[in-house]
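Beneath this line is the structure, given in structure tokens, with notes to follow.
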Amino acid sequence: MQDTELTYDEAEQFLRFVDKYVVRAVGVHFLSQWSKSHRSKTILEKVTASDIAYTILVYKNSREVWEEELEIKDNAATEEDRRKAIRHKKPKYHGGRGKRVARFGDGWIDSGREYYKELLGIFQSLKFNTKWKTLE
């Protein structure tokens with residue numbers, strides 16, 4: 001990353017993602033309580049690189065499945081039609097819907113774990129960059 005000034009336009013999509021998804025992954029109630037007792041701080045000072053990386057992983061993992069489910073819901077005339085609809089999309093980084101997870105397992109496949117580690121590295125390094133302070 002270059003050490004140039006960050007503009008709102010450049011940061012807007014990321015901030016919207018944090019507001020819409022990361023906040024919910026961490027817990028709206030938890031962050032609301034934290035905000036009340038830390039009025040001078042921003043949510044970005046509370047969320048961790050791990051929170052952001054995990055939220056992106058879950059989003060990328062499930063997006064196609066969610067979109068298919070919305071399409072089925074829109075096209076189904078009845079609840080029965082919706083239940084009987086054939087679903088083709090599968091999670092990208094997880095064992096899949098309805099699969100039994102091994103005891104003490106998490107269901108993530110190796111490519112999902114690798115993607116998470118990659119994202120975690122990116123956001124850990126970003127947290128130490130001057131651009132992060134600008135975002136805060």
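Considering only region 107-136, state which residues are over 16 Å from LYS92 (Cβ atoms) and small (Gly, Ala, Ser).
The answer is GLY121, SER125.
Across region 1-43, which residue is surrounded by the fewest Cβ atoms within 10 Å (Cβ to Cβ) among those that are closer than 23 Å to ASN129 by Cβ and of a type in the set (Phe, Trp, Tyr)?
TYR8
What pairs come up if the first residue lies in region 84-105 and is surrounded by fewer than 10 Cβ atoms within 10 Å (Cβ to Cβ), the second is not in a loop (DSSP other than H, G, I, E, B), and their beta carbons are under 8 Å apart, counting only those six or more places apart or on different chains?
Sorted first by the residue in region 84-105, then by its partner, the pairs are HIS88/GLU68.
Tell me, yes or no, whether region 48-68 has at least one residue that is aromatic (Phe, Trp, Tyr) and within 24 Å of LEU135 (Cβ to Cβ).
Checked against the condition, which is being aromatic (Phe, Trp, Tyr) and within 24 Å of LEU135 (Cβ to Cβ), region 48-68 yields at least one hit.
Would you point out which residue out of SER62, SER35, SER40 is in contact with a Pro (Cβ under 8 Å, 6 or more places away or on another chain), modelled with pLDDT of 90 or more and among the polar types (S, T, N, Q)?
Details: SER35 fails: in contact with a Pro (Cβ under 8 Å, 6 or more places away or on another chain); SER40 fails: in contact with a Pro (Cβ under 8 Å, 6 or more places away or on another chain).
Result of the check over SER62, SER35, SER40: SER62.
Hey, among GLU69, GLU64, which residue is surrounded by 15 or more Cβ atoms within 10 Å (Cβ to Cβ), part of a helix (DSSP H, G or I) and touching a Lys or Arg at 6+ places or on another chain (Cβ under 8 Å)?
On the way: GLU64 fails: surrounded by 15 or more Cβ atoms within 10 Å (Cβ to Cβ).
Matching residue, one of GLU69, GLU64: GLU69.
Residues are listed down the side, and each one gets a yes or a no for (1) without any contact (Cβ under 8 Å) to a residue 60 or more places away in the chain; (2) in contact with an Asp or Glu (Cβ under 6 Å, 6 or more places away or on another chain); (3) of a type in the set (D, E, K, R):
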{"position": "LYS20", "(1), (2), (3)": "yes, no, yes"}
{"position": "ALA25", "(1), (2), (3)": "yes, no, no"}
{"position": "LEU44", "(1), (2), (3)": "no, yes, no"}
{"position": "VAL47", "(1), (2), (3)": "yes, no, no"}
{"position": "TYR54", "(1), (2), (3)": "no, no, no"}
{"position": "GLU71", "(1), (2), (3)": "yes, no, yes"}
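Looking at (1) without any contact (Cβ under 8 Å) to a residue 24 or more places away in the chain; (2) touching a helix residue (DSSP H, G or I) at 6+ places or on another chain (Cβ under 7 Å), find the lone condition where LEU119 falls short.
Of everything listed in (1) without any contact (Cβ under 8 Å) to a residue 24 or more places away in the chain; (2) touching a helix residue (DSSP H, G or I) at 6+ places or on another chain (Cβ under 7 Å), LEU119 misses just condition (1).
Would you confirm whether or not region 27-49 contains a residue that is among the small types (Gly, Ala, Ser) and under 21 Å from GLU118 (Cα atoms)? Spell out how you get there, then give the answer.
Of all residues in region 27-49, those among the small types (Gly, Ala, Ser) come to 27, 32, 35, 37, 40, 49.
Okay, now just the ones that are also under 21 Å from GLU118 (Cα atoms), so 49.
Yes, because at least one residue in region 27-49 is among the small types (Gly, Ala, Ser) and under 21 Å from GLU118 (Cα atoms).
Take the residues of region 1-45 that are among the aromatic types (Phe, Trp, Tyr) and within 15 Å of the chain's Cα centre (by Cα): which is nearest to VAL58 (Cα to Cα)?
The initial filter retains those residues of region 1-45 that are among the aromatic types (Phe, Trp, Tyr), namely 8, 14, 17, 21, 30, 34.
Now narrow it down to the ones that are within 15 Å of the chain's Cα centre (by Cα): 14, 17, 21.
Working: PHE14: 16, PHE17: 13, TYR21: 10 Å.
Among them, the one singled out is TYR21.
The values are calculated or read from the model by the stated rules, or taken from the named source; none is laboratory data. On a predicted model such as this, the values are computed, not experimentally measured, just so you know. Cβ coordinates were reconstructed from backbone atoms using ideal geometry, including for glycine residues, and neighbour counts include every protein chain displayed.
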